[in-house]
There are 2 protein chains.
Amino acid sequence: MSLVIVGTVAFDAIETPFGKTDKIVGGAATFAGLAASYLYNKVKLVSVIGEDFGDENLGILKSKGIDVEGVEIVKEGKSFFWSGKYHNDMNSRDTLATELNVLADFDPKLPDSYQDCNYLLLGNLTPKVQMTVLNRLQKKPKLVVLDTMNFWMDVALEDLKAVLKKIDVLTINDAEARQLSGEYSLVKGAQVILEMGPKYLIIKKGEHGALLFGEGQIFSAPALPLSDVFDPTGAGDAFAGGFIGYLAKVKSINFTNMKNAVIYGSALASFCVEKFGTEQLQQLSANDIRQRIQGFITLSRFELID
Amino acid sequence: MSLVIVGTVAFDAIETPFGKTDKIVGGAATFAGLAASYLYNKVKLVSVIGEDFGDENLGILKSKGIDVEGVEIVKEGKSFFWSGKYHNDMNSRDTLATELNVLADFDPKLPDSYQDCNYLLLGNLTPKVQMTVLNRLQKKPKLVVLDTMNFWMDVALEDLKAVLKKIDVLTINDAEARQLSGEYSLVKGAQVILEMGPKYLIIKKGEHGALLFGEGQIFSAPALPLSDVFDPTGAGDAFAGGFIGYLAKVKSINFTNMKNAVIYGSALASFCVEKFGTEQLQQLSANDIRQRIQGFITLSRFELID
């Protein structure tokens, strides 16, 4: 039994009001894999990188016990590179460069050892690649979580709708939920989206937390108010990794566990933004995570007696 | 012992994507008073209206047991009038008309019977008027809640800072908290604002809920996701009224009760936006409120065991 995460392993160059990085390790599968590794010990990645990525950087993943057999290394290829600049409010950003490089021809390889996949996270990629992964799994996983973005709604909506029919949980942000559903109300929008296929919908609202819809219920998770948001890059991926990592650990899928998984995802995302890139996600202790979960409980608990 | 609410009693004309009203009853003190009246039975208003307001409209307040002795009626005067148009997202609006009328010379009158004021809500008004009310109370109330807005930060910042020194709870929205503190991080901003005088700060985030800061703690209250937001006018005032009404009812001020008060405020605000103007706030039952509070509990509760 394993948790398979499909997505980019890449380089980022990030500029925020607090500083600027050269090329550092990034990518959706990197952030999600690191986050999940704190909760579950059989995390396996599917991705593609160039030779430029280097053993040392791959070592960041390996050191957390993450299986990288499914990370294809293209000879003489260059890894996917994204560069962006965050505005002062840290909520909006400009993309300065997107170099697809080896990602342009990404044909996801699933090693035989990955066929024990019970939990599958399809990171934000072209919906056709996400579908290919589903088709290459001989056994339907117990739970499939899919992340996507507005770009795919713009350029590949039919492909996206096809893959939405085959998944269990969709994670998108509030603007994307409005775009995908055509409804401004998130309650109405969630109904429309759940009719497209997913059993659960998670709407990520950044500093405003997240909403979980499913089983006719709604759960509102807070975001931890932070003194310093250093770099929001990867927060959504860390959320998804923490979310599915928790579910893989507890092994049972119901609304109660889904709610807890959203809290774990939120906790991992909150660590992610406190440092540049993956820095914070490389150095957490079990105690750090326990304390942060307690922080979410304290933040949102109230005791009302009529 | 009583709860005194100072603010506008006025006419609004509202346009939303769902419809348009003629002049209807509005005003901060109206919304706050109606909301508070469901939780506490000694609510007294201080305001000023023109003869045009009419006995029937004043009857809306009286029918809920609200004392209007402190609502001055200016002979041949015209009541404050605000007209606005909400955009499709209901989060932004254009002001079409603001006619101050009798509000321009508002000199708040406190009847002798109001000197038993234990809980005081200073609705969004010029800070000088808010200060005048404080000065005219012979005994310092147990709790003073103040609402304000960006406009007063722009044109009367020093007056506002003077009154902030004399209050217990400030309610503003997230943009206003950032403006007042000069900090983007709400955690840092809250520290700055609490140093200005208030013991507690509530940051209202509309559809994203509210944050309560004070006693070195933070509480995050969700907003109830609604299928239909019909008219956001008065939601912040209904929040403030529900908040202070709950505290007046339970009589004890500590962080636990403050958290519950934020939930009650949020519940009253959620009713407010479901119909135009004060319509929904005129017709609630105790059971409606009980069910909605239960809705907030269900929405935000999770049970995490390590």
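For the reader, a short list of remarks on this structure follows.
- A:Lys20, A:Lys142, A:Lys205, B:Lys188, ranked by accessible area, largest first (probe 1.4 Å): A:Lys20, A:Lys142, B:Lys188, A:Lys205
- The B-A contact accounts for approximately 3500 Å² of buried accessible area, totalled over both chains at a 1.4 Å probe radius.
- 3J(HN,Hα) from dihedral phi, region B:107-117, Karplus parametrisation 6.51/-1.76/1.60, rounded to Hz, x for glycine, proline: 10, x, 9, 10, x, 3, 5, 8, 6, 7, 4
- Rounded to the nearest 5, the antiparallel percentage of DSSP beta bridges internal to chain A is 40%.
- Across the accessible surface of region A:2-300, with the other protein chains kept in place and a 1.4 Å probe, carbon and sulfur atoms take up 48 percent.
- Chain B versus the axis that turns it onto chain A: the residue with the nearest Cβ and the distance in whole Å amount to B:His208, 2.
- Of A:Lys161/A:Lys205; B:Lys75/B:Lys128; B:Lys75/B:Lys109; A:Lys64/A:Lys205, pairs whose Cα-Cα distance is over 20 Å: A:Lys161/A:Lys205; B:Lys75/B:Lys128; A:Lys64/A:Lys205
- Label geometry 7 Å along the beta-carbon vector: B:Lys275 inter-copy distances in nm: 5.5
- Along region A:225-230 the Karplus relation, 6.51 cos²θ - 1.76 cosθ + 1.60 evaluated at θ = phi - 60°, assigns HN-Hα couplings of x, 10, 5, 10, 9, 8 Hz to successive residues, with x for each Gly and Pro.
- Largest GNM mean-square fluctuation among A:Ala286, A:Ala248, A:Ala28, using chain A with Cα springs under 10 Å: A:Ala286.
- The protein assembly as shown: translational diffusion in µm²/s, Stokes-Einstein, Kirkwood Rh over Cα pairs, 4 °C, 1.567 mPa s: 50 µm²/s
- Amide H contacts of A:Glu69 (H built 1.01 Å from N, under 5 Å, at least 5 apart or other chain): A:Leu45
- Position A:His87: other-copy label points at 1.2 nm, ordered by increasing distance, label point 7 Å along Cα→C-beta.
- Sorted shortest first, the separations between the A:Leu226 label point and its copies elsewhere in the assembly read 3.2 nm; each point sits 7 Å from Cα along the Cα-to-Cβ line.
- Axial C-alpha extent at least 18 Å, average Kyte-Doolittle at least 0.0 - helices from chain A (DSSP): A:235-250, A:255-272
- Direction-averaged projected area, Cα convex hull, region B:37-160: 9.4 nm², rounded to one decimal.
- The contact residues of region A:74-117, meaning those that lose at least 30 Å² of 1.4 Å-probe accessible area when all protein chains sit together rather than their chain alone, are A:Asp89.
- Note that region B:2-300 presents 39 Å² accessible area per residue, ligands and nucleic acids not counted, probe 1.4 Å.
- Theoretical ellipticity at 222 nm over chain B - DSSP helices of four or more residues, -39500 (n - 2.57) apiece, nearest 500: -10500 deg cm²/dmol
- Taking amide H as placed 1.01 Å from N in the peptide plane, the amide H of A:Asn173 sits under 5 Å from that of A:Lys204, each at least 5 places away or on another chain.
- Solvent-accessible surface (1.4 angstrom probe) belonging to B:Lys64, in square angstrom, nearest 10: 60 Å²
- Exposure rank, largest accessible area first [A:Thr126, B:Thr16; 1.4 Å]: A:Thr126, B:Thr16
- 1.4 Å probe, heavy atoms, protein only - residues of region A:165-213 losing at least 50 Å² accessible area vs chain alone: A:Tyr184, A:Val187, A:Glu207, A:His208
- Cα-Cα separations in region A:3-110 greater than 22 Å, expressed as whole percent: 33 percent
- Residue order for A:Met258, A:Met131 - accessible surface, 1.4 angstrom probe, largest first: A:Met131, A:Met258
- Taking θ as phi - 60° and the Karplus parameters 6.51, -1.76 and 1.60, the scalar couplings of region B:118-126 work out to 10, 10, 10, 10, 8, x, 4, 8, 4 Hz in sequence order, x denoting glycine and proline.
- Comparing B:Ser266, B:Ser252, B:Ser227 in a Gaussian network model of chain B where C-alpha atoms under 10 Å apart are linked, the largest mean-square fluctuation is found at B:Ser227.
- Dimensionless Rg ratio for chain B, taking C-alpha atoms and the 2.2 N^0.38 Å reference: 0.93
- Panel note: contact residues of region B:281-306 (accessible area lowered by at least 20 Å² against the chain on its own; 1.4 Å probe) correspond to B:Arg290, B:Ile297, B:Thr298, B:Leu299, B:Ser300, B:Arg301, B:Phe302, B:Glu303, B:Leu304, B:Asp306.
- For region B:185-243 and region A:200-248, distance of Cα centres in Å: 20 Å
The values are calculated or read from the model by the stated rules, or taken from the named source; none is laboratory data. Computed from a predicted structure; not experimentally measured. Neighbour counts run over all protein chains shown; Cβ positions are idealised from the backbone, glycine included. Surface accessibility is based on the protein's heavy atoms, side chains included, excluding ligands, DNA and RNA. Shrake-Rupley method; radii C 1.70, N 1.55, O 1.52, S 1.80 Å.
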